[in-house]
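Student: One structure follows; several queries about it will come next.
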Amino acid sequence: MKRITFLILSFFIFSHLSFGQSRMKFDFPAYAEKSLQLYYSYGSKVDSVIVALNKTGQADVNFPDKDFHGFIQLADRGVELTEFIVGEPALNIVCQAPVANTQTISFPGSDENAFFHTNLNLQSQLTAKLGWLQAGYQFYGYNPGVITFVQQESKNIQDSIQTLTYTIDHSPLYAARFIQWVGFLNRMYEARQQRDPAKIQAAISEMETTADINTLYTAGQLWNTASDIYFSLFGQTETPNAQVEYALSINRIAARLSGGVQESFFAAAVVQCERYQWTQAQEMIVQQIALSYENIDTLSPRLQRLLGTQKTRKGAPAPEIMGLTQPVNQALLVIFYESGCGHCQAQLAILKENYPAIRDQGVRVVTISADESQEVYEYHSKDFPWPDKLCDYKGFAGVNFINYGVLGTPGIYMIDKDGILLGRYGTILDTGVLN
């Protein structure tokens, strides 16, 4: 059975446990006088910190967000080196090797990182072994000796899994909560793949009643993965009311959330509806948002964007793009992105590679960044070959993000020469501009 455990080491995650501001000490002799990047997120929003190493490859960093506890991605010029948990009052991050990666970077004295790597790897190994035994039984089950061996080994592995599960469930560490989320996502994934109505309903029930969405809120890409898989469960129900059922489920879950967690959860659901053109579900969710927040004038920028999604439907006049210095008199390909978003970087790479052909078609490219740091924005955008590169350093609260109702990145829009929206897309390929 295919599982998603292999994805986990690319995810980073946080919680709201209070440990005071984390202090990180880096010791990377081979990277002297280089700058590394730390990427972290809340919901779908990605932030970053620059780590400037001195002449001996050392740096002392106070993490900017007080009470932060969770996963960070460490990168060198946008290329991931490793990920780790931050939240303990002091964290040493050491690499004595000439090349930094997951195998060469260590975190001496960190209970969180030791627990995470040891137990997640053990969980993956035990699950894989059990799968191999079950596959072997299907091929050689006619042999009495094989049957006895498989049954005994399966029992041993299941006993080990039970022991590991007990250890994880009773650990106070945040790494344990993360591993629990991995298990839940695997159950949702398997329910979807097997199209098992009972398992699908069990996953929906768990998501609506007991799943710790507050922890998921700070799970980086894991947040988006959970949103994708949960949406897909309703696509597997094969009922005529799937859109209604999804919207009602989202509203039930949101009712037990508050603040930024609730806003981000609504936003993620609306993004799913936009992506798959579930118009009825989107309207029901947006109606619930309007009911939940009575005073529209005092809404946060995120909620304003949520309600603004109704203005950027296919066939509607496109909102004006603020910041352009040249008049618009041709078709536009508009991409909203943020520098710490891996999917955004992949789409921008495709755009750079194909920009000459797109330009020759008479399509004008406009990129709009959600970066709030001028240093980060300029570092990532300096090699873009198109002239229309915008960033007001207000993040998702920027006027263009609000006017276009951008809830997650990348947000890709095609606008015809008459200023009419042709659609919102998840990838450059979806727009048809590469054809």
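Student: Pairing rule first: another cysteine's C-beta must sit under 4.7 Å. Under that rule, which cysteines of the chain stay single?
Tutor: Cys with no partner Cβ under 4.7 Å: CYS95, CYS273, CYS391.
Student: Just checking my list (1) 1.10; (2) 1.15; (3) 0.99 against Rg/Rh (Cα atoms, Kirkwood Rh) computed from this structure; which label fits?
Tutor: Only one listed value fits the structure, namely (3).
Student: Now a separate question. Please list 223-235, 152-164, 22-34 highest first by mean number of surrounding beta-carbon atoms within 10 Å per residue.
Tutor: Going from most to least packed, we get 223-235, 22-34, 152-164.
Student: Under a Cβ-Cβ cut-off of 13 Å, what is the net charge of the residues other than MET322 that fall near it, where Lys and Arg count +1 and Asp and Glu count -1?
Tutor: -2
Student: Using alpha carbons only, how many degrees (0 to 90, rounded to 10) separate the axis of helix 111-140 from the longest principal axis of the chain?
Tutor: Compared with the principal axis, the helix lies near 70 degrees.
Student: Could you pull out every residue, at least 5 positions away or on a different chain, whose amide H is within less than 5 Å of the one on SER41? Hs are placed 1.01 Å off N in the peptide plane, and Pro or chain starts have none.
Tutor: ASP47, GLY220
Student: Give the angle, between 0 and 90 degrees and rounded to the nearest 10, that separates the Cα long axis of helix 174-194 from the longest principal axis of the Cα atoms of the chain.
Tutor: Helix 174-194 sits at roughly 80 degrees to that axis.
Student: Taking a 28 Å limit on the Cα-Cα distance, which of the listed pairs LYS45/LYS129; LYS45/LYS352; LYS66/LYS199; LYS155/LYS199; LYS45/LYS389; LYS352/LYS417 fall beyond it?
Tutor: LYS45/LYS129; LYS66/LYS199
Student: Hey, another quick one. Obtain the nm distance between the two label points defined at ALA114 and LEU257 by a simple spin-label model: each point lies 7 Å from its Cα along the Cα-to-C-beta direction.
Tutor: Distance between the two pseudo-spin positions: 3.5 nm.
Student: Further question: Express as a percent, rounded to the nearest 5, the fraction of DSSP beta bridges in the chain (both residues included) that run antiparallel.
Tutor: Rounded to the nearest five, the antiparallel share is 70 percent.
Student: Taking 0.36 nm per intervening residue step and subtracting the Cα-Cα distance, what contour gain separates ALA32 from LEU164 on full extension? Let's see the in-between values first.
Tutor: Values: separation 132, 0.36 × 132 = 47.52 nm, distance 4.03 nm.
In short, 43.5 nm is gained.
Student: Now, a different point. Before rounding to the nearest 500, sum -39500 (n - 2.57) across all DSSP H runs of length at least 4 in the chain and divide by the residue total; then give [θ] at 222 nm in deg cm²/dmol. Please list the in-between numbers first.
Tutor: On the way: 14 runs with 199 residues, N = 435.
It lands at -15000 deg cm²/dmol.
Student: If you don't mind, there's one more thing I want to ask. To test your reading of the geometry: what angle, between 0 and 90 degrees and rounded to tens, separates the Cα axis of helix 144-169 from the longest principal axis of the chain?
Tutor: 60 degrees
Student: If the chain between ASN214 and ASP228 were fully stretched, how many nm would it gain, using 0.36 nm times the residue separation less the Cα-Cα distance?
Tutor: Values: separation 14, 0.36 × 14 = 5.04 nm, distance 1.73 nm.
So the extension gain works out to 3.3 nm.
Student: Using 0.36 nm times the number of residues separating LEU248 and SER205, minus their current alpha carbon distance, what extension gain do you get?
Tutor: Roughly 14.2 nm would be gained on extension.
Student: Right, another one. Which whole-Hz ³J(HN,Hα) couplings does the stretch 343-355 yield from phi under the Karplus relation 6.51 cos²θ - 1.76 cosθ + 1.60, θ = phi - 60°, glycine and proline marked x?
Tutor: Karplus values, whole Hz, x for Gly and Pro: 5, 4, 4, 5, 5, 5, 5, 5, 5, 4, 5, 9, 4.
Computed from the coordinates by the stated procedures, all read-outs in this text should not be read as laboratory data. The model shown is predicted, which means the values in this text are computed figures rather than measured ones. Cβ coordinates were reconstructed from backbone atoms using ideal geometry, including for glycine residues, and neighbour counts include every protein chain displayed.
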